[in-house]
Amino acid sequence: MKHIKSLKTRNLKKSIKGCGECQTSCVGNQSCE
Amino acid sequence: MIHQYQNNGYNIVMDTESGSIHVVDDIVYDMIASLNEYSKTSNIRTVACEDDIKAVPYEEIKEYLTDRLSEYDESEIAESYEEVAYLIEDESLFTDDLYADYIADYTNRETVVKALCLHIAHDCNLACKYCFAGEGEYHGERALMSFEVGKKALDLLVKESKGRKNLEVDFFGGEPLMNFEVVKQLVEYGRSIEEANNKKFRFTLTTNGMLLDDEILEFANREMGNLVLSIDGRKEIHDLMRPRRGGQGSYDTIVPKFIKAAESRGQMNYYVRGTYTHNNLDFSEDVKHLAELGFEQISVEPVVAPESADYAIKEEDVPKLCEQYDILAKYLLERRKSGKGVNFFHFMIDLSGGPCAYKRLSGCGSGCEYLAVAPNGDLYPCHQFVGMPDFLMGNVDTGVTNTALRDKFKLCNVYSKEECKNCFAKLYCSGGCAANAYNFTGDINGVYDIGCALQRKRVECAIMMKAATAK
């Protein structure tokens, strides 16, 4: 694209389709994997 | 929801619900602002079915855009709209909010306890002026946790974590090293029950450093997954807020120890962690100071204090603090460019591998997945609620008996807070801190406005840094 550069991001809407394995936090910088 | 802002020469557009972030040129930046207005009264896209989304055709919107973008050539407007339409149809721009339908089911799920904060010592050898624990004593008498209470807490965690393998235990205070023998005993006990219960403990320790010595450091490097070293920054700032009980400063005692600790851990798995207050609104200088001392993992965070405290952050301080975050972001980028990068906790963000929407909506886990244990074995939703009678949840003998309170925390999420629903940062901060909300509004579902303003600025800076370093 000439006018837009999209950063690589996780698609949060697809993530709706919740394992609960992530640790507690005190969220933004957490990494799922 | 679209949020767009300019920072450090970058035009940034965030599509809140999808998590997409776009760095755009001036014409697209202006076009998206116009389209955002348009979308308030007209459909910017049609949804035939989930996988068939069409942006409004250019011919239908041409007049609207050319009127509002008159400084650009029509051919350039058409070309730019083609790119914008592609993103709309790709569901990474102007996406709908569908999370409210899902969050109710998720918050009703059965939760397990994942982590405990052990208040190993309600005693401290410093008299920090801003300590929410009241010089480490938490609204009560000085107390040290016994091995027996700590052992019951670990047993409770093993039981209440059910099938989960990875468990986290924070040694907290007060000053945990004032009860170091019990810390050692509990780590040894934890390790001894891991295999039989198919568990793996990750221990962390927070310390003011006054009692840190070679023996403790060797132990911490062997057993602690994370080490938090409390230091506020420049000597005069640190000593002003973190004096010993006799009034003398503590900076000169701890700095050599902390430098040694950071080096001995290979500059990984630790944080030097400071607090800034109304007394150092130029806190970027404190971050710089810590970086220049050689620390590579740094967190300097705003104090949360009653409005009456002379060191409390005030509403009128917010613009100055936001300016400081901008200065800091540029400084960190420069350091990174010169090969001397450091991590700043509140600017760290994982855009591609971050948590799923459920985690982002439901927040930190306090009160249900995370509990704090007082020295006498009482359970509280998190370390900031310890000692508050209204937030007593049970004890290590009975487990959680106040299930109504647990359920209240479980239901505390982005969609339980009216102010969060229309905030672009909601999927990065997850509704903020329940304890801060309670302390400022009397309700865990309230919001702490100053904290929100600073959080939004930090998210903007963190994303700008991602834009600046994107390949």
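The values are calculated or read from the model by the stated rules, or taken from the named source; none is laboratory data. None of the values given here were measured: they were computed from a predicted structure. Heads up, the Cβs are rebuilt from the backbone with ideal geometry, glycines too, and the neighbour counts pull from every protein chain shown.
For the range B:94-116, a residue qualifies if it is assigned to a loop (DSSP other than H, G, I, E, B) and over 24 Å from B:Asp15 (Cβ atoms), and the qualifying residues are B:Asn108, B:Arg109, B:Glu110, B:Thr111, B:Val112, B:Val113, B:Lys114.
Taking B:Thr253, is it among the β-branched types (Val, Ile, Thr), crowded, with 22+ Cβ neighbours inside 10 Å and over 25 Å from B:Tyr325 (Cα atoms)? Considered against the rule, which asks whether it is among the β-branched types (Val, Ile, Thr), crowded, with 22+ Cβ neighbours inside 10 Å and over 25 Å from B:Tyr325 (Cα atoms), B:Thr253 comes out as no. Being touching a Leu at 6+ places or on another chain (Cβ under 6 Å) and hydrophobic (A, V, I, L, M, F, W, C) holds for only one residue in B:Ile120, B:Ile77, B:Ile88, and it is B:Ile77. Residues in the range B:230-271 that are part of a helix (DSSP H, G or I) and among the acidic types (Asp, Glu) were compared, and the one that is nearest to B:Val342 (Cα to Cα) is B:Glu263. Residues that are of a type in the set (Lys, Arg) number at least 3 in the following helices (runs of 4 or more DSSP H) confined to the range B:401-454: B:403-410. Among residues of the range B:355-414 being at pLDDT 90 or above and among the polar types (S, T, N, Q), the one that is nearest to A:Asn11 (Cα to Cα) is B:Ser366.
Among the residues making up the range B:52-67, a single one is of a type in the set (Lys, Arg) and assigned to a helix (DSSP H, G or I): B:Lys62. Here B:Asp310 does not qualify as within 14 Å of chain A (Cβ to nearest Cβ), among the charged types (D, E, K, R) and either surrounded by fewer than 17 Cβ atoms within 10 Å (Cβ to Cβ) or over 18 Å from the mean Cα position of the chain (by Cα) (or both).
When the range B:152-170 is filtered for residues that are at pLDDT below 95 and within 14 Å of B:Val182 (Cα to Cα), only B:Asp170 remains. Scanning the range B:297-309 for residues that are touching a helix residue (DSSP H, G or I) at 6+ places or on another chain (Cβ under 7 Å) and assigned to a loop (DSSP other than H, G, I, E, B) yields a count of 1. Restricting B:Leu157, B:Leu167, B:Leu177 to residues that are within 26 Å of the chain's Cα centre (by Cα), aliphatic (A, V, I, L, M) and under 30 Å from B:Asn280 (Cα atoms) narrows the list to B:Leu177.
Note on the range B:310-354: residues that are in a loop (DSSP other than H, G, I, E, B), in contact with a helix residue (DSSP H, G or I) (Cβ under 8 Å, 6 or more places away or on another chain), of a type outside the set (Phe, Trp, Tyr) and over 18 Å from B:Tyr271 (Cα atoms) total 6. Has the range B:391-400 got at least one residue that is surrounded by fewer than 17 Cβ atoms within 10 Å (Cβ to Cβ) and assigned to a helix (DSSP H, G or I)? For the range B:391-400, residues surrounded by fewer than 17 Cβ atoms within 10 Å (Cβ to Cβ) and assigned to a helix (DSSP H, G or I): absent. Checking each residue of the range B:20-42 against the condition of being in contact with a strand residue (DSSP E or B) (Cβ under 8 Å, 6 or more places away or on another chain) and of a type in the set (Asp, Glu) gives at least one match.
Here B:Ala453, B:Ala467, B:Ala404, B:Ala435 are screened, and the one residue that is within 13 Å of another protein chain (Cβ to nearest Cβ) and surrounded by fewer than 21 Cβ atoms within 10 Å (Cβ to Cβ) is B:Ala467. Only one of the numbered conditions (1) surrounded by 15 or more Cβ atoms within 10 Å (Cβ to Cβ); (2) over 18 Å from B:Glu301 (Cβ atoms) is violated by B:Arg245, and that is (1).
Quick grid of which residues meet (1) more than 14 Å from every other protein chain (Cβ to nearest Cβ); (2) in a loop (DSSP other than H, G, I, E, B); (3) basic (Lys, Arg):
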{"site": "B:Leu154", "(1), (2), (3)": "yes, no, no"}
{"site": "B:Leu157", "(1), (2), (3)": "no, no, no"}
{"site": "B:Gly163", "(1), (2), (3)": "no, yes, no"}
{"site": "B:Gln185", "(1), (2), (3)": "yes, no, no"}
{"site": "B:Arg202", "(1), (2), (3)": "no, no, yes"}
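Taking the listed residues B:Ile103, B:Ile44, B:Ile61, the one that is within 25 Å of A:Ser15 (Cβ to Cβ), over 30 Å from the mean Cα position of the chain (by Cα) and among the hydrophobic types (A, V, I, L, M, F, W, C) is B:Ile44, with no other qualifying.
Taking B:Gly209 as the residue in question, decide whether it is on the phi > 0 side of the Ramachandran plot and of a type outside the set (Lys, Arg). Answer is yes for this residue. When the test is whether a residue is of a type in the set (Asp, Glu) and either at pLDDT below 95 or under 30 Å from B:Ala312 (Cβ atoms) (or both), B:Asp213 does not pass it.
The single condition among (1) in contact with a strand residue (DSSP E or B) (Cβ under 8 Å, 6 or more places away or on another chain); (2) within 13 Å of another protein chain (Cβ to nearest Cβ) that B:Ser366 does not meet is (1).
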